[in-house]
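To keep things clear, I will list the structure first and then write my remarks on it.
The values are calculated or read from the model by the stated rules, or taken from the named source; none is laboratory data. What you see is a predicted model; the values in this text were computed from it and never measured. Here Cβ is always computed from backbone atoms with ideal geometry, including for glycine, and neighbour counts include all displayed protein chains. The protein model used for the area step is the full one, side chains on, heavy atoms only, and it has no ligands, DNA or RNA in it. Shrake-Rupley method; radii C 1.70, N 1.55, O 1.52, S 1.80 Å.
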Amino acid sequence: MEKTPSLVVTSPNVKYTDEYIYSDYQYEETLVTKNGDDLIAKPIRKTLSIRTERKVGKVGVMLVGWGGNNGSTFTAAVLANRHQLSWNTKNGQMDSNWVGSITQASTVRLGMDEKGNDVHIPMCNLLPMIHPDDLVIDGWDISPLNLAESMVRAKVIDYDLQQKLKKEMSTMKPRPAIYDPDFIAANQSDRATNLIRGTRHEQYLQVRADIKSCRDKNKLDQIIVLWTANTERFCEIREGVHDTSENLERALRDNDSEISPSTIFAMAAIDENCIYINGSPQNTLVPGLVQRAEQRGVFVAGDDFKSGQTKLKSVLVDFLVSAGLKPVSIVSYNHLGNNDGKNLSAPKQFRSKEISKSNVVDDIVESNPILYKPGEKPDHVVVIKYVPYVGDSKRAMDEYTSEILLHGTNTLVVHNTCEDSLLAVPLILDLVLLAHLFARMAFREGDMTTWSSMHVVLSPLSYLLKAPLVPAGAPVVNALFKQRANIENILRAALALHPNHHMQLEHKIPFLMSELHSGALFNSPPHKKQKVAHENGDQ
């Protein structure tokens, strides 16, 4: 395997210690106010210090729904890459990889070389991240099958690779999970034989005990709990139940019927100081849970893994609107045959998915008041049908109709066939790695003496989530390129590197072109160091 180069930033605004990377970063924005019919734009600059913990530690991921398609495929992928396995198919020998992961298989433009050519680096090499090979995997499932049996049932992994993984995965058995037939489809009852019994509070205590057991057994520094189980129906948000941390705990102890299994897992994870990520479209992270996370300083993120179809939708709509075209109708049809499709064939569970899929273009539409009046949106219809034969090979058909010049129309039709779990699993990996990285970052401004973590609601993970949770009052961003740039530029800021602006003025302005070609540009001194609070290593 080719060794990737390590990155060291040589700058008066970056300092490396054994424990941290310190960065002094100039954050710039433009404030806009309205004066009658005029817009007044005012550039501002904030001097931020960013501290990134270099020690990654030993990290575990506990999957709720470990025995499902995503959970078994994630485990298989980690092991196949850890052991660098190869296997035979009718198309020849295949090697393990992490294609589909932005941390492992995408690059970031670092800068340019002496000839003016762009230099790219793998995203995972920018800052210290967990290596996927080092993850400890555990979890829960309502089915008692071991992970080798679950992998066979899922029908995702090639047969020859299954045989190579069978021995190791057969030793992995999910812990009992919580089953509430009121929250998932009745057609899941035949699987539900590996269960945590008792009241909701007793179930919560058992999940906490499971997390402690996993932490102690494997001597872990951190655990990330991620829900990749069945989509639940939306719970009925009630004042006095879901609105505060205290009310939520009271409702849990009172065995309130609107405390869902996913909420129980989230509460247990937060109370055990674990990052919690919700990967299914359900309102798990209710206000009381977010408040609880804030009180304990525990990071959370959700909802619903962003599939290839949703990424394509946000890209296409963003492209159309940016080009001055007006999407007026978006219709999505989905055929899915795996157990997720079976669960979603129930109306209440489908409604959860429909909501998460239907809001992914709202911010794009709102960005263009020339095309859309206030409150105006395209007609957006989502249809999901369970077709057992297609298995994990999901069919997605999307029709985009746009209004063009003088009220003409243009229709774009896209047919997408994708192996659902093989798209979702790299997202799970990225969510785990990036959530853990963001949790190790801290910020302060000017003469502040204390460091502040990022907000506990990890909205920078929006790129990976279909209906991203954001802090109260913050805008929801669904435009894919903005989401990707957000992750990349936060990582660059932690190294005192400016955002990529793609202006390339050194290829467009003669005197800058001359400096580049003569080498003078590379010999110029770095920009002046800003005065920083940690000048003498203050931590």
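Quick notes
- The H on the amide N of Val381, modeled in the peptide plane, is under 5 Å from the matching H of Ile330, Val331, Ser332, each at least 5 residues off or on a different chain.
- Rounded to 5, percent antiparallel among DSSP beta bridges of the chain: 65
- Pair Ser213, Thr107: separation of 7 Å Cα→Cβ label points (nm): 4.6
- Region 379-502: relative contact order as a whole-number percent, Cα under 8 Å and 6+ apart: 13
- Figure note: Met129, Met503, Met397 ranked by solvent-accessible area, largest first, 1.4 Å probe, ligands and nucleic acids not counted: Met503, Met397, Met129.
- Violating pairs (Cα-Cα greater than 24 angstrom) within the set Lys90/Lys313; Lys155/Lys385; Lys58/Lys482; Lys90/Lys173; Lys164/Lys217: Lys90/Lys313; Lys58/Lys482; Lys90/Lys173; Lys164/Lys217
- Sites Lys155 and Gln84 - FRET efficiency at Förster radius 22 Å, r taken between beta-carbons, to 0.05: 0.35
- Each residue, Asp447 and Leu39, gets one label point 7 Å from its Cα in the Cβ direction; the gap between the two is 3.7 nm.
- With the simple spin-label model, which puts each label point 7 Å out from Cα in the Cβ direction, the Asp363 to Asn273 separation comes to 3.2 nm.
- Correct choice for semi-axes √(5λ) of the Cα gyration tensor in Å that was computed from the model, options (i) 38, 29, 26; (ii) 33, 28, 26; (iii) 65, 41, 17: (i)
- Relative contact order of region 273-415, defined on C-alpha pairs under 8 angstrom at six or more residues apart (%): 29
- Protein-only accessible surface order, largest first, of Thr401, Thr73 at 1.4 Å: Thr401, Thr73
- Summary: within the chain, the longest segment free of trypsin sites (Lys or Arg not before Pro) located in DSSP loops with at most 10 other C-beta atoms within 10 Å is 220-507.
- Remark: the chain carries a charge dipole of roughly 700 debye about the Cα centre, counting +1 on each Lys and Arg Cβ and -1 on each Asp and Glu Cβ.
- Amide proton proximity set for Val108, modelled H, under 5 Å, gap of 5+: Ile121, Met123
- Across region 296-310, coupling constants 3J(HN,Hα) worked out from phi with the 6.51/-1.76/1.60 Karplus curve, θ = phi - 60°, read 9, x, 10, 8, 9, 7, x, 10, 6, 3, 8, 6, x, 5, 5 Hz, and Gly and Pro carry x.
- Residues Leu521 and His407, FRET efficiency given R0 of 51 Å [Cβ-Cβ distance, rounded to 0.05]: 0.50
- Compared with the alpha-carbon gap, the fully stretched path from His415 to Arg54 is longer by 125.6 nm at 0.36 nm per residue.
- Percent breakdown of C-alpha pair distances by 5 Å bin, ordered from the shortest bin, for region 361-431: 3, 11, 16, 17, 16, 14, 11, 9, 3, 0
- Candidates per GluC sites (Glu not before Pro) in region 101-193, loop by DSSP, up to 16 other Cβ within 10 Å: Glu114
- Of the Cα atoms belonging to region 87-168, the radius of gyration and Dmax stand at 18.5, 59 Å.
- Computed from backbone phi with θ = phi - 60° and the Karplus coefficients 6.51, -1.76 and 1.60, the 3J(HN,Hα) list for region 458-468 is 7, 5, x, 7, 4, 4, 9, 10, 6, 10, x Hz; x is used for glycine and proline.
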